[in-house]
Amino acid sequence: MDAPTDSLQKIGQLKLGESGFAVSCNEQRALDILRNEACSINANIINIIDEKRPDAWSSCYRCTAEFYQYTQPEFIVEAKDKDYYHPAEVSQRVNKDRSQNTIVFVIAGIVGFAIGYMLVQ
């Protein structure tokens, strides 16, 4: 986000991670949590400064976000990529992440079964 520092005031930061037992931790759920947190502290802007997509080590979307409030009411921030957080785009990424997670889980299951079978023999 490129914005004049005199037009915005940082009022908070939040890091979304996982506990190891998370079930609903996809990008859409994370964005919902960030929006709710922003509303609760009257933030006008959510700036995601770091994100990690689901991978072989974690099936959760993880991110760190900063919350800002306008100090000048006439100031408006244009999103760098307006379509990036469009619901259809988010949904496509969530579906892609789920597919990749399924592949990882299937491969892990096959490898685990093979190793277990060899150890029993």
Beyond 24 Å, the calculated P(r) of the chain holds a percent of Cα-Cα pairs equal to 41
Please list, in order along region 90-98, the HN-Hα scalar couplings obtained from phi with the Karplus expression 6.51 cos²θ - 1.76 cosθ + 1.60 (θ = phi - 60°), rounded to whole Hz, x for Gly and Pro. 4, 4, 4, 5, 4, 5, 5, 4, 4
If you check each cysteine of the chain for another cysteine whose beta-carbon is under 4.7 Å away, which ones come up empty? Cys39, Cys63
Could you work out [θ]222 nm for the chain from helices alone, using -39500 (n - 2.57) per DSSP H run of at least four and dividing by all its residues? Round to the nearest 500 deg cm²/dmol. -14000 deg cm²/dmol
For the chain the mean separation of alpha carbon contacts under 8 Å (6+ apart) over residue count, i.e. relative contact order in percent, is 31
In terms of the ratio Rg/(2.2 N^0.38 Å) built on C-alpha atoms, what value belongs to region 15-58? 1.26
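About the Cα centre of the chain, what is the dipole size in debye to 20, counting +1 per Lys and Arg Cβ and -1 per Asp and Glu Cβ, all else neutral? Show your work: numbers first, answer last.
On the way: 12 positive and 16 negative charges, 101 e Å.
For this selection, approximately 480 debye.
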Between Leu8 and residues 5 or more places away or on another chain, the pairs with built amide H atoms under 5 Å apart involve Thr71
Heavy-atom accessible area order for Tyr117, Tyr61, Tyr68, Tyr85, largest first, 1.4 Å probe: Tyr117, Tyr85, Tyr68, Tyr61
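The values are calculated or read from the model by the stated rules, or taken from the named source; none is laboratory data. Computed from a predicted structure; not experimentally measured. No Cβ is skipped: glycine too gets one built from the backbone with ideal geometry, and neighbour counts run over all protein chains shown. All accessible areas refer to the heavy atoms of the entire protein, side chains included, with ligands and DNA or RNA removed. Shrake-Rupley method; radii C 1.70, N 1.55, O 1.52, S 1.80 Å.
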